[in-house]
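The values are calculated or read from the model by the stated rules, or taken from the named source; none is laboratory data. Keep in mind it's a predicted model, so treat the numbers as computed, not measured. Glycine gets a Cβ as well: all are built from the backbone with ideal geometry, and neighbour counts include every protein chain shown. These accessible areas exclude ligands, DNA and RNA; they are computed on the full protein's heavy atoms, side chains included. Shrake-Rupley method; radii C 1.70, N 1.55, O 1.52, S 1.80 Å.
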Amino acid sequence: MIYFLLKRLAVAVPTLLILIVVSYVLMYAAPGGPFDTERTLPPEVMANLQHKYGLDQPLAVQIWRYVVSIVTEFDFGPSFQYTDQSVNDIIEQGFPVTLTYGGWSFLVAVLVGVSLGIAAAVHHNTLLDYLSVGVSIGAQVLPNFVLAPILTLIFTLWLAWLPGGGWQGGHWPYVIMPVIALSTSFMASIARITRSSMLEVLNADFIRTARAKGLPMWRIVFRHALKPALLPVISYLGPAFVGMITGSVVIDVFFATGGIGQFFVNSALNRDYPVIMGITILAGGLTILFNTVVDLLYAWIDPRIRY
Amino acid sequence: MTLLRVRDLSVTFETGDGTVNAVNGVDLAIGAGQSVAVVGESGSGKSQIMFAIMGLLARNGAAAGSVTFDGTELLGLDEGALNRIRSSQIAMIFQNPMTALNPYMRISHQMTEVLTLHKGMSRRAALAEAIGLLDAMEVPEAATRIGMYPHEFSGGMLQRVLIAMALLCRPRLLIADEPTTALDATVRGQIMRLLADVRARFGTTVILVTHDVGIVAGHCDEMVVLYGGRVMESGPVARIFAAPHHPYTRSLLDAVPRLDRDDERLRSIPGDPLGTNLLPAGCPFAARCPRVEERCHRERPASERPAPDRVVACHRPLEGVA
């Protein structure tokens with residue numbers, strides 16, 4: 001187990017390095033630069049700016065300096081776009097926001113999705129099953145940039161129950177609509193995966209044994225079938241969780257939540273190199289972390305998997 | 001006393017290709033304390049009869065007729081009432097012990113839940129009882145091994161675990177559905193001896209479902225021969241072995257490899273078993289029968305009683321029976 005974690009860590013370091021180098025090169029290869037504006041800057045000013053941020057150095061030197069400052073000082077550099085703010089500041093500001101609504105979205109998506117999936121599988125080919133499949137498909141094809149305006153229309157403009165945007169430190173009325181908008185499609189995927197894997201498990205030989213033992217259905221479902229049925233769900237949840245807590249530009253822009261997703265897209269548009277890199281590394285690191293968590297959960301559920 | 005009586009049992013499955021008739025009007029009477037073999041090829045409906053008795057048919061399956069256990073009609077019983085009978089009155093063990101146990105749960109938990117549920121025992125008492133039964137089923141170091149997961153056992157050991165698990169509530173009837181099919185030949189004998197032991201020690205009535213006529217002799221009192229979802233012949237094992245009435249039974253017995261015969265090759269039954277979706281008007285075995293006559297294809301032979309303890313359904317039975 002310790003050995004497994006060490007091995008994972010040993011693989012994570014080169015993975016992140018490759019991620020940094022590839023993203024950096026791609027970003028650099030994209031046309032345009034951070035200081036290209038509509039008004040052309042005098043060449044001396046441009047040269048000064050380039051020099052100040054080290055952009056006059058060869059690419060390899062820039063990457064090297066970038067990695068060194070991360071490793072030695074945990075400094076992801078200054079933002080080119082938001083003067084006086086470092087990438088660390090931006091992440092410290094934006095990440096708690098996306099973590100909050102992303103975390104709640106994850107909880108809602110898992111609880112509702114898994115329950116819906118189980119209910120559909122247990123009542124296979126009944127009205128409940130068709131209803132749940134219908135809801136899942138509907139929720140999955142409804143993109144959040146359509147769902148968000150609909151929610152605002154209903155809850156803000158018509159009913160006037162919830163504020164149409166803002167964050168207010170994560171006060172609950174401000175969190176509800178972002179959570180619904182973000183969790184719906186994830187919930188639908190989870191419901192679909194849970195249903196099909198639960199159906200498969202319920203056909204297994206050991207479920208027939210459990211029925212022959214005279215166990216009531218709820219006990220068979222929750223004690224015997226749930227764990228194996230959740231295995232495919234869990235492998236989906238690792239990357240999905242990272243996707244949710246690193247936020248969504250639609251949510252951030254539409255509900256003006258100030259989360260990290262908005263910075264990510266803005267930085268890409270403005271060629272704000274350090275911010276692009278910072279958020280990419282954050283998402284990459286979290287992905288590695290949660291893939292490891294998924295593997296550990298697998299071992300916890302399936303006794304045949306041991307590290 | 002008759003413990004289990006099956007009358008005119010039919011089992012059908014609705015599939016995309018139409019209705020499959022797996023069992024077609026089977027009658028069985030199993031006396032308390034008996035050991036009965038239900039013999040037939042794959043697709044003869046033998047396992048489906050057992051699933052129908054236990055209420056474990058697949059979702060698309062339906063049973064018609066009557067199954068009474070100790071006077072209680074089992075067909076159409078609601079799930080709750082069935083659950084009170086399952087395992088506590090009628091227990092079942094399955095063909096493949098490697099897949100019949102839940103790979104994600106410890107043996108201890110899978111065994112104790114039967115006792116905590118049916119007998120209301122505490123987990124401690126249930127665990128002690130479970131270890132005791134594993135011991136009785138000759139699982140070595142039962143007290144330690146009960147804490148393990150199924151993948152840490154061999155197939156033969158798992159079948160012992162399944163038998164022990166089936167016996168936890170001391171059921172009156174144990175249905176063993178091909179308990180040795182998935183096991184090594186060397187382990188088969190041990191499991192069969194264990195089942196005989198169970199019957200002797202706990203007085204359990206045993207139904208042994210098998211396609212292996214070879215293991216029936218010496219282990220069972222009565223046998224029922226099935227073909228195409230119908231009973232071809234039934235009666236005491238010794239008497240059927242000595243003088244089968246039905247040509248199908250004779251073919252089955254002939255197909256058993258024997259050392260005391262000087263055959264060059266194994267004797268097999270020509271032709272293929274019946275597809276169960278077309279229900280023949282006559283005898284299901286007619287197409288492969290060496291004694292077939294025109295009438296066999298046309299008319300379904302009725303069950304005759306050539307002797308008080310024997311039943312045969314054949315127009316031209318062997319051994320000079322009219």
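Values computed for the structure shown
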{"read-out": "Ellipticity estimate at 222 nm from DSSP helix runs (n ≥ 4, -39,500 (n - 2.57)) divided over chain A, nearest 500", "value": "-24000 deg cm²/dmol"}
{"read-out": "nm² value of the averaged projected area, convex hull over the Cα atoms of chain A", "value": "20.6"}
{"read-out": "Calculated log₁₀ intensity ratio I(q)/I(0) where the Debye formula runs over C-alpha points of the stretch A:141-182, q = 0.33 Å⁻¹", "value": "-1.17"}
{"read-out": "Among A:R195, A:R39, A:R219: highest mean-square fluctuation, GNM of chain A, C-alpha pairs under 10 Å", "value": "A:R39"}
{"read-out": "Environment charge at B:D27 (Cβ cut-off 9 Å; Lys +1, Arg +1, Asp -1, Glu -1)", "value": "+1"}
{"read-out": "The stretch B:76-215, relative contact order in percent, only Cα pairs under 8 angstrom and at least six apart counted", "value": "32"}
{"read-out": "Gaussian network model of chain A, springs between alpha carbon atoms under 10 Å - residue of A:A30, A:A256, A:A191 with greatest fluctuation", "value": "A:A30"}
{"read-out": "Percent accessible area from carbon and sulfur atoms, the protein assembly as shown, protein chains only, probe 1.4 Å", "value": "60"}
{"read-out": "Solvent-accessible area buried by B and A, counting both chains, probe 1.4 angstrom, square angstrom", "value": "2400"}
{"read-out": "Whole-Å semi-axes of the protein assembly as shown's equivalent ellipsoid (Cα gyration tensor)", "value": "69, 26, 24"}
{"read-out": "Mean projection area, nm², convex hull over Cα of the stretch B:97-168", "value": "4.0"}
{"read-out": "Shielding by partners - mean other protein chain Cβ count within 10 Å, residues of A:211-224", "value": "6"}
{"read-out": "Computed Kirkwood radius, in angstrom, where 1/r is averaged over Cα pairs of chain B", "value": "20.7"}
{"read-out": "Mean shadow area of the stretch A:39-98 over all directions, Cα convex hull, nm²", "value": "5.6"}
{"read-out": "Label point 7 Å beyond Cα of B:K119 along Cβ direction - residues of the stretch B:73-98 with amide nitrogen under 19 Å", "value": "B:83-93"}
{"read-out": "Helix A:273-301 axis, angle to chain A major axis (alpha carbon atoms, nearest 10°)", "value": "20"}
{"read-out": "10 Å Cβ neighbours from other chains, averaged over peptide B:224-236", "value": "0"}
{"read-out": "Length-normalised contact order of the stretch B:97-168 in % [C-alpha pairs under 8 Å, at least 6 apart]", "value": "46"}
{"read-out": "Full-stretch length increase - A:L128, A:T83 - with 0.36 nm per residue and alpha-carbon distance subtracted", "value": "10.7 nm"}
{"read-out": "The stretch A:35-56 versus the stretch A:203-237: alpha-carbon centroid distance in Å", "value": "63"}
{"read-out": "Over chain B, relative contact order from alpha-carbon pairs under 8 Å, at least 6 apart, %", "value": "20"}
{"read-out": "Largest to smallest accessible area among A:M177, B:M98 [probe 1.4 Å]", "value": "B:M98, A:M177"}
{"read-out": "Local electrostatic count, A:Y298, Cβ distance below 15 Å [Lys/Arg +1, Asp/Glu -1]", "value": "+2"}
